[in-house]
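S.K.: I have a structure here, written as structure tokens, and I will follow up with some questions on it.
The values are calculated or read from the model by the stated rules, or taken from the named source; none is laboratory data. Treat the numbers as computed from the prediction; the structure is a model and nothing was measured. Cβ placement follows ideal geometry from the backbone for every residue including glycine, while neighbour counts extend to all protein chains displayed.
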Amino acid sequence: METAKVAQKAWARTPLWKRAELLHKAAAILKEHKAPIAECLVKEIAKPAKDAISEVVRSGDLVSYTAEEGVRILGEGKLLVSDSFPGNERNKYCLSSKVPLGVVLAIPPFNYPVNLAVSKIGPALIAGNALVLKPPTQGAVAALHMVHCFHLAGFPKGLINCVTGKGSEIGDFLTMHPGVNCISFTGGDTGIAISKKAGMVPLQMELGGKDACIVLEDADLDLVAANIVKGGFSYSGQRCTAVKVVLIMESVADIVVEKVKAKLAKLTVGPPEADSDITPVVTESSANFIEGLVMDAKEKGATFCQEYRREGNLIWPLLLDHVRPDMRIAWEEPFGPVLPVIRINSVEEGIHHCNASNFGLQGCVFTKDINKAIMISDAMETGTVQINSAPARGPDHFPFQGLKDSGIGSQGITNSINMMTKVKSTVINLP
Ligand code: G3H
């Protein structure tokens, strides 16, 4: 914290174009090192090999875009004159610009140890902040390699600090440290606890979701099935933006369930090194939690579209049909390859289920009627609604935000740069 504080002072005085130049350099080095970093992701978090490479490349692109966006956003200030406000003469000129916050504490989650780290590091650095990064326990080695790329690019010593360790052991120390001027956190409901303990510092948080996929009768059902599989099962459902509940009109439910079943049967299940579609979930306790939701649904009468199968942390993809609101899986986030289908008889029923959730990250609606889609989007209490596609955070410059227990503030490159700055004004008073 102390080295970060010292390094930040000098960094804030470094010209913006130089900060951008270093970020571009780091982005290029990150991409050059994609293979060893991706290998860490495969070994640490069982991310399928191709997705691991994509995560690193996407991260390099994010850092470059942040540098470009940063010079534009931060290169602009404002001039206000006093006589637009009643009772004032034109004798005051207010110059305002964006200045850094100080030390940003960045805490990314296990599912994107590199990408969700750089989505915090890039904006913090271009805005003139220093960093203390607490990577996820699983994913820490990939994160250390990523930080090394920034150091190779030539960022000053002490500016980017990486502290590894368990959140349960070092989390409170970091989040309650008086030297922290901003916390950017992505993860589970620990974020709610952090928000209660953190001091008077800006918070940016993304804490998971229960993204609903509402399917109307007139939807393109092949598109629906493809998006349910991609949205619900990529990286074995371990994405905050995964489709986590399908709310489908009864009249088309049988057809879609059959189409999804056929696609799930084709998914490969196995080790991440073999680039399998479904890989082991991150921990045994996570697998146990998922199993608990599956067993609860079984006891309460859900229809299993596949046989439930688990070997260690590897869980085969499972679609649960005829799920009802009294089942835990209708509301809780499995973060695994298990997806509930709730049959609905009206659009209102779907919207009601979506809004009754304590989460509000994203959602999606499938219909060919754009007017209906917009009306449903307006009615859904989520940060984003995707029309005719599964939820997703990217492209990474899009605003990304959750309502209710899904988060605080808005991310995306532009919003993160703005969030990691404060406005500073100087007023010139004429005699
Ligand atoms: O897990 C949370 C991530 O923000 C989701 O990102 O939509 O690119 O998978 P993604």
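S.K.: Return the residue satisfying two criteria in turn: it lies in region 382-396 and is surrounded by 17 or more Cβ atoms within 10 Å (Cβ to Cβ) and outside any strand (DSSP E or B), and of such residues it is farthest from the ligand (Cβ to nearest atom).
M.R.: THR382
S.K.: Residues being surrounded by fewer than 24 Cβ atoms within 10 Å (Cβ to Cβ) and within 25 Å of GLN204 (Cβ to Cβ): count how many of those fall in region 336-377.
M.R.: Result for region 336-377: 4.
S.K.: Just to be sure I understand, how many residues within region 263-287 are of a type in the set (Gly, Ala, Ser) and part of a loop (DSSP other than H, G, I, E, B)?
M.R.: Residues meeting the conditions: 2.
S.K.: Pairs under 8 Å by beta carbon, first residue under 19 Å from VAL281 (Cβ atoms) and touching a residue at least 40 places away in the same chain (Cβ under 8 Å) in region 101-115, partner in a strand (DSSP E or B) and away from the ligand (no atom under 14 Å from the Cβ), six or more apart or different chains?
M.R.: PRO108/LEU133
S.K.: Do the conditions hold for ILE183, that is, is it within 15 Å of the chain's Cα centre (by Cα) and touching a residue at least 24 places away in the same chain (Cβ under 8 Å)?
M.R.: Here the answer is yes, as ILE183 does meet what is asked.
S.K.: Does region 249-260 contain at least one residue that is in contact with a strand residue (DSSP E or B) (Cβ under 7 Å, 6 or more places away or on another chain) and either surrounded by fewer than 17 Cβ atoms within 10 Å (Cβ to Cβ) or basic (Lys, Arg) (or both)?
M.R.: yes
S.K.: Something else about it: Among the residues of region 86-94, is there at least one that is in a strand (DSSP E or B), in contact with a Cys (Cβ under 7 Å, 6 or more places away or on another chain), more than 16 Å from the ligand (Cβ to nearest atom) and over 11 Å from THR186 (Cα atoms)?
M.R.: no
S.K.: Does MET295 meet the test of being aliphatic (A, V, I, L, M) and farther than 24 Å from ALA262 by Cα?
M.R.: No; evaluated as a whole, the condition is false for this residue.
S.K.: Against the definition (within 19 Å of the chain's Cα centre (by Cα) and modelled with pLDDT under 95), how does GLY188 come out, yes or no?
M.R.: Considered against the rule, which asks whether it is within 19 Å of the chain's Cα centre (by Cα) and modelled with pLDDT under 95, GLY188 comes out as yes.
S.K.: Under 7 Å between Cβ atoms, at least 6 apart or on separate chains: pull out the pairs that start in region 225-246 with a residue that is among the charged types (D, E, K, R) and end on any residue that is in a loop (DSSP other than H, G, I, E, B) and within 12 Å of the ligand (Cβ to nearest atom).
M.R.: LYS230/ALA390; ARG239/ASN111; LYS244/GLY209; LYS244/ASP211; LYS244/GLU333
S.K.: Please go through region 359-381 and pick out each residue that is under 19 Å from GLU217 (Cα atoms) and either in contact with a strand residue (DSSP E or B) (Cβ under 6 Å, 6 or more places away or on another chain) or in a strand (DSSP E or B) (or both).
M.R.: GLY363, CYS364, VAL365, PHE366, ALA373, ILE376, SER377, MET380 - these are the residues of region 359-381 that are under 19 Å from GLU217 (Cα atoms) and either in contact with a strand residue (DSSP E or B) (Cβ under 6 Å, 6 or more places away or on another chain) or in a strand (DSSP E or B) (or both).
S.K.: Right, another one. Evaluate the following for HIS145: is it more than 16 Å from the ligand (Cβ to nearest atom), closer than 19 Å to GLY191 by Cα, touching a residue at least 40 places away in the same chain (Cβ under 8 Å) and not small (Gly, Ala, Ser)?
M.R.: no
S.K.: I want to confirm something. Restricting to region 225-262 and keeping residues that are over 15 Å from GLN306 (Cβ atoms), in a helix (DSSP H, G or I) and within 11 Å of the ligand (Cβ to nearest atom), which single residue is farthest from the chain's Cα centre (by Cα)?
M.R.: This residue is LYS230.
S.K.: May I pose another question? Checking the condition at pLDDT 95 or above and within 16 Å of the ligand (Cβ to nearest atom), which residue from PHE110, PHE173 passes?
M.R.: Result of the check over PHE110, PHE173: PHE110.
S.K.: Please go through (1) under 27 Å from THR268 (Cβ atoms); (2) in a loop (DSSP other than H, G, I, E, B) for PRO340 and return the number of the only condition it doesn't satisfy.
M.R.: (2)
S.K.: Now for a different question. Inside region 197-224, can you point out the residues that are out of contact with any Pro (no Cβ under 7 Å at 6 or more places or on another chain), assigned to a loop (DSSP other than H, G, I, E, B) and closer than 23 Å to GLN238 by Cβ?
M.R.: Matches in region 197-224: LEU207, GLY208, GLY209, LYS210.
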